[in-house]
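Comments concern the structure below.
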Amino acid sequence: MKKVFVKSYGCQMNVYDAERMADMLATEGYSETKAMEEADLVILNTCHIREKAAEKVYSELGRVRELKKEREAAGQETRIVVAGCVAQAEGKEILRRAPAVDVVVGPQNYHNLPALLQKARAERVVDTEFPVEDKFDHLPKPSKTAIRNRGVSAFLTIQEGCDKFCTFCVVPYTRGAEVSRPVAKILDEAMRLADAGVRELTLIGQNVNAYHGEGPDGSVWSLGRLLHRLAEVPGIARLRYTTSHPRDMDDELIAAHRDLPALMPYLHLPVQSGSDRILDAMNRKHTGDEYRRLIERIRKAQPDLALSSDFIVGFPGETDEDFEDTMRLIADVGFASSFSFKYSPRPGTPAAEIEAQVSEAVKAERLARLQNLLEMQRQAFNRGTVGRTLDVLLEKPGRHPGQMAGKSPYLQAVQIESDRHAIGEIVTVRITQAGSNSLFGEVAGSGSQAAA
Ligand code: 5AD
Ligand code: SF4
């Protein structure tokens, strides 16, 4: 049996895509390996969000090429595929700069992988067209064992691409226009996952709450409506979704946070900046106060909510005052978790053309202050759960023998002293202590969600 090694970078969408590629190649006789050295096929599933993403891929390809040479010396063949958003952005350039690469395939084309690998026997190939047909229709269904090996919490892609064109972001160029999958296809996939033991679904998409898929009756369904339907799938106890845009939080979705017990009280809703001037330059189409008011409305529907956001510091033209506006917004809103980055120009995006770039030293200083505040908020949130009793979905064995690890409704990692419980079970846990990266607790009983 041939072996495939997939290295995935970046967001959850890439994790999902990597799994689909593995499913696809399983039907071609490939089994997955976690050791690159023993792989007959190496796939780098790349991400273009971070700085110097393409350069990092080229240097990784240098290392893979060495491996290919070593294996060649031992009489073994290694084929190399570059997939994901760097593949989409760089295209042919990859074949030119990295002679060891056999196939370059974009995120909308990986269903063609078997055919591309075949074709590459004659001539190295690039496939980065945005196809008209739906790649999901061409993907094989994963086996029950494959699903089980991936755990009780699964990602499910419900939409792809983005039409928002924030001026710093490459996603609209690499993932293309916003497309929603039909409800029936999503339900089918959800039932399959649940049938194999999955308890928690995280619906993913670059702009997931812009979801507007075709319902079984031909009408257009919003994310709120879809969540209600998915909550009825037997076995599914928990639902989450990510990543959202503030402009797409409609009333139906906000109401779902109030009405749907399966929808976890956690929301990742990136604001990026607290300065109206910068938000405007970012083309975010909302102000700081509009975000504050939106959060108030969501918290009214679901007061018990862990909020999370992405932040960018040092966007071109950002002054000290703009930055203080961001710090104020963080202080006003309060975040349980967050991701924050220094702005870095992405070739081809409008912000990369702005002349007033902020110096590296200023960016570093602002990021340190921002992260300090966010870290204090995160720890305060975690400490606030000590003494409470929370439902924990058990996902895997814990760090030490006799322990198990799982997630709280707020997506906190929780370690419990027990090995009596089954993975996939939801137990109620009294939180006894908050460590720096996880909570610790004692099992107090079966979770209220256990019967779902
Ligand atoms: N520079 C810095 N951060 C960026 N992000 C996206 N593009 C850039 C960029 N050019 C961040 C945003 C986004 C997250 C996924 O990555 O905060 O929400
Ligand atoms: Fe990028 Fe998100 Fe803005 Fe879309 S909404 S352009 S994915 S940052």
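Close Cβ contacts (under 8 Å, 6 or more residues apart or on different chains) running from residues in the range 264-276 that are over 14 Å from Gln302 (Cα atoms) to residues that are at pLDDT below 95 and not in a loop (DSSP other than H, G, I, E, B) are absent. Restricting Glu66, Glu38 to residues that are touching a strand residue (DSSP E or B) at 6+ places or on another chain (Cβ under 8 Å) and away from ligand 1 (no atom under 16 Å from the Cβ) narrows the list to Glu38. For the residues Val105, Val82, the requirement of being under 25 Å from the mean Cα position of the chain (by Cα) and closer than 25 Å to Val208 by Cβ singles out Val105. All conditions but one from (1) in contact with a strand residue (DSSP E or B) (Cβ under 6 Å, 6 or more places away or on another chain); (2) more than 16 Å from ligand 1 (Cβ to nearest atom) apply to Val233; the one that does not is (1). The residues of the range 141-163 that are within 24 Å of Arg181 (Cβ to Cβ) and more than 22 Å from the chain's Cα centre (by Cα), listed by number, are Ser143, Lys144.
Out of the residues in the range 299-326 that are under 22 Å from the mean Cα position of the chain (by Cα) and more than 15 Å from ligand 1 (Cβ to nearest atom), state the one that is surrounded by the fewest Cβ atoms within 10 Å (Cβ to Cβ). Let's see the steps before the verdict.
Within the range 299-326, the first condition is being under 22 Å from the mean Cα position of the chain (by Cα), and the residues that meet it are 305-313.
From what's left, more than 15 Å from ligand 1 (Cβ to nearest atom): 305-306.
Details: Leu305: 17, Ala306: 23.
Only one residue fits best here, namely Leu305.
Filtering the range 230-241 for residues that are within 16 Å of ligand 2 (Cβ to nearest atom) and either touching a Lys or Arg at 6+ places or on another chain (Cβ under 7 Å) or not polar (S, T, N, Q) (or both) leaves a non-empty set.
Can you name the residue in the range 131-177 that is among the acidic types (Asp, Glu) and away from ligand 1 (no atom under 16 Å from the Cβ) and, of all such residues, is surrounded by the most Cβ atoms within 10 Å (Cβ to Cβ)? In this case the residue turns out to be Asp134. Looking across the range 197-232, the residues that are buried (at least 19 other Cβ atoms within 10 Å of the Cβ) and part of a loop (DSSP other than H, G, I, E, B) come down to Val198, Arg199, Gly205, Gln206, Asn207, Tyr211, Ala231. Could you list, in sequence order, the residues of the range 117-130 that are surrounded by 14 or more Cβ atoms within 10 Å (Cβ to Cβ) and of a type outside the set (Ser, Thr, Tyr)? Those that are surrounded by 14 or more Cβ atoms within 10 Å (Cβ to Cβ) and of a type outside the set (Ser, Thr, Tyr): Leu117, Lys119, Ala120, Arg124, Val125, Val126, Asp127, Phe130.
Limited to the range 381-413, what total is found for residues that are part of a loop (DSSP other than H, G, I, E, B), surrounded by 14 or more Cβ atoms within 10 Å (Cβ to Cβ) and not polar (S, T, N, Q)? Quick ask: steps written out before the conclusion?
Residues of the range 381-413 part of a loop (DSSP other than H, G, I, E, B): 385-388, 398-402, 408-412.
Now narrow it down to the ones that are surrounded by 14 or more Cβ atoms within 10 Å (Cβ to Cβ): 385-386, 398, 408-412.
From what's left, not polar (S, T, N, Q): 386, 398, 409-411.
Total satisfying the criteria: 5.
Considering the conditions (1) more than 15 Å from ligand 1 (Cβ to nearest atom); (2) farther than 28 Å from Gln412 by Cα; (3) of a type in the set (Gly, Ala, Ser); (4) at pLDDT 95 or above, Ala281 is excluded by exactly one of them, (1).
The values are calculated or read from the model by the stated rules, or taken from the named source; none is laboratory data. As the structure is a prediction and not an experimental result, all values here were calculated from the model. All Cβ positions, glycine included, derive from the backbone under ideal geometry; neighbour counts span all protein chains shown.
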